[in-house]
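In what follows, a single structure is set out as structure tokens and then discussed.
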Amino acid sequence: MTAPLLQVKNLTIDYIGDSTDFRAVDDVSFDVARGEVFGLAGESGCGKSTIAFAISRLHKPPALIRSGRILLEGRDVLDLNPAQLRDFRWREVAMVFQSAMNSLNPVLRVQEQFYDVLRTHQKMNRAQARERTAEMLRLVDIPPDRMKDYPHQFSGGMRQRIVIAICLALNPKIVVMDEPTTALDVVVQREILQRINELRRTFGFSVLFITHDLGLMVQFCDRIGIMLAGKLVEQNTAENIYGAPQHDYTRKLWASFPSLHGEPVMEKVSI
Ligand SMILES: Nc1ncnc2c1ncn2[C@@H]1O[C@H](COP(=O)(O)OP(=O)(O)OP(=O)(O)O)[C@@H](O)[C@H]1O
Ligand SMILES: [Mg+2]
């Protein structure tokens, strides 16, 4: 058995308030294996994004990590100093979130946004960066000659694919995706997840995946953790979480999505 890529151990996170603190994540533990897609599901406000931000070391006040550890290849990401953090972001962990497509800088050509990441983190020269940019755009089905275009010249789905390509450009070990396709229509969502899955098979990165779409969740994930009010109440393979839920809340979650119920269990291979 090889050690898991990511280990979240007894993670507890509060939001510090003027008078009281709010416990958003309560003693949560889970592992993500190399190349695995692990999903976090649960109702709005249960703490999914708070965990995603902490793993990416993007949490900031009022969020306070009270206790626990987040180990990537055995190294605690909570102990990284600012210099180590610069290396950690993009190269070890990349994050794609719901509005990521709007995080592209509107006044910079797409190629400049790739170059920024590639040249800062990998000290590539311009020619190498251009080559890598073309390669990454091809991987997400964007013609490389469009690298000279500005973000507004692309559709929302294309912009999100560009963000994903930038995220993958430095070969991260894990990609944290917090509702990466929620803002897009269903067909585009599926296309993007399909492409991510193919890339995952090629490059071997892991994914922490968060979405409100439980159908997508079951299709895309190897294992799923169910959260309720800051606690991880159940984790299992996607098949078992869907087909043989153990916790009452998991059963309720499926029941609240009638489109999933009564339909044949979805083929995982379809994504
Ligand atoms: N900056 C903040 N200050 C105070 N409380 C916060 C802050 N951000 C989040 N919270 C609270 O922490 C809890 C967890 O929030 P979080 O965003 O992690 O939930 P989530 O599971 O991602 O929800 P959603 O599915 O709606 O995205 C919520 O109750 C939320 O109100
Ligand atoms: Mg969230």
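The values are calculated or read from the model by the stated rules, or taken from the named source; none is laboratory data. Given the structure is predicted, the values throughout are model-derived calculations rather than measurements. All Cβ positions, even for glycine, are placed from backbone atoms using ideal geometry, and neighbour counts span all protein chains on display.
Tell me, which residue of segment 65-80 that is in contact with a Lys or Arg (Cβ under 8 Å, 6 or more places away or on another chain) and among the β-branched types (Val, Ile, Thr) is farthest from ligand 1 (Cβ to nearest atom)?
Val77
Out of all the residues in segment 143-193, which are modelled with pLDDT of 95 or more, assigned to a loop (DSSP other than H, G, I, E, B) and under 17 Å from Asn105 (Cβ atoms)?
Within segment 143-193, Asp149, Tyr150, Phe154 qualify.
Scan segment 124-145 and report the pairs whose first residue is under 22 Å from Ile196 (Cβ atoms) and whose second residue is part of a loop (DSSP other than H, G, I, E, B), with Cβ atoms within less than 8 Å and a gap of 6+ or a chain change.
Pairs that qualify, where the first residue is under 22 Å from Ile196 (Cβ atoms) and the partner is part of a loop (DSSP other than H, G, I, E, B), are Arg132/Met124; Arg132/Ala169; Thr133/Ala169; Met136/Ala169; Leu137/Pro143; Ile142/Phe154.
For segment 95-126, name all the residues that are closer than 30 Å to Thr50 by Cβ and among the acidic types (Asp, Glu).
Answer for segment 95-126, where residues must be closer than 30 Å to Thr50 by Cβ and among the acidic types (Asp, Glu): just Asp116.
Just wondering, is there one or more residues in segment 47-64 that are away from ligand 1 (no atom under 16 Å from the Cβ) and either under 19 Å from the mean Cα position of the chain (by Cα) or at pLDDT 95 or above (or both)?
Scanning segment 47-64, I find no residue that is away from ligand 1 (no atom under 16 Å from the Cβ) and either under 19 Å from the mean Cα position of the chain (by Cα) or at pLDDT 95 or above (or both), so the answer is no.
Look at Ser256 and say whether it is more than 16 Å from ligand 2 (Cβ to nearest atom), more than 22 Å from Asn102 (Cβ to Cβ) and buried (at least 18 other Cβ atoms within 10 Å of the Cβ).
no
For segment 94-138, name all the residues that are among the basic types (Lys, Arg) and farther than 21 Å from Val175 by Cα.
Once the filter is applied, which keeps residues that are among the basic types (Lys, Arg) and farther than 21 Å from Val175 by Cα, segment 94-138 yields Arg109, Lys123, Arg126, Arg130.
I'm told Ala94 meets every condition in (1) farther than 24 Å from Ile162 by Cβ; (2) of a type outside the set (D, E, K, R); (3) in contact with a Pro (Cβ under 9 Å, 6 or more places away or on another chain) except one. Can you identify the failing condition by its number?
Of (1) farther than 24 Å from Ile162 by Cβ; (2) of a type outside the set (D, E, K, R); (3) in contact with a Pro (Cβ under 9 Å, 6 or more places away or on another chain), only one is false for Ala94: (1).
How do the pairs read when you match residues in segment 32-58 that are touching a residue at least 60 places away in the same chain (Cβ under 8 Å) with residues anywhere that are assigned to a helix (DSSP H, G or I) and within 9 Å of ligand 2 (Cβ to nearest atom), using Cβ under 7 Å and keeping only pairs 6 or more apart or on different chains?
Leu40/Lys48; Gly42/Lys48
Restricting attention to segment 8-45, which residues are within 19 Å of the chain's Cα centre (by Cα), of a type in the set (S, T, N, Q) and within 13 Å of ligand 1 (Cβ to nearest atom)?
Ser44
Hey, among the residues in segment 194-214 that are surrounded by 22 or more Cβ atoms within 10 Å (Cβ to Cβ) and touching a residue at least 60 places away in the same chain (Cβ under 8 Å), which one's nearest to ligand 2 (Cβ to nearest atom)?
Ile210
Filtering segment 142-181 down to residues that are among the charged types (D, E, K, R) and farther than 19 Å from Glu112 by Cα, which residue is surrounded by the most Cβ atoms within 10 Å (Cβ to Cβ)?
Checked segment 142-181; the qualifying residue surrounded by the most Cβ atoms within 10 Å (Cβ to Cβ) is Asp178.
Quick one: in segment 215-241, of everything that is part of a loop (DSSP other than H, G, I, E, B) and among the hydrophobic types (A, V, I, L, M, F, W, C), which residue is surrounded by the most Cβ atoms within 10 Å (Cβ to Cβ)?
Within segment 215-241, the match that is surrounded by the most Cβ atoms within 10 Å (Cβ to Cβ) is Cys221.
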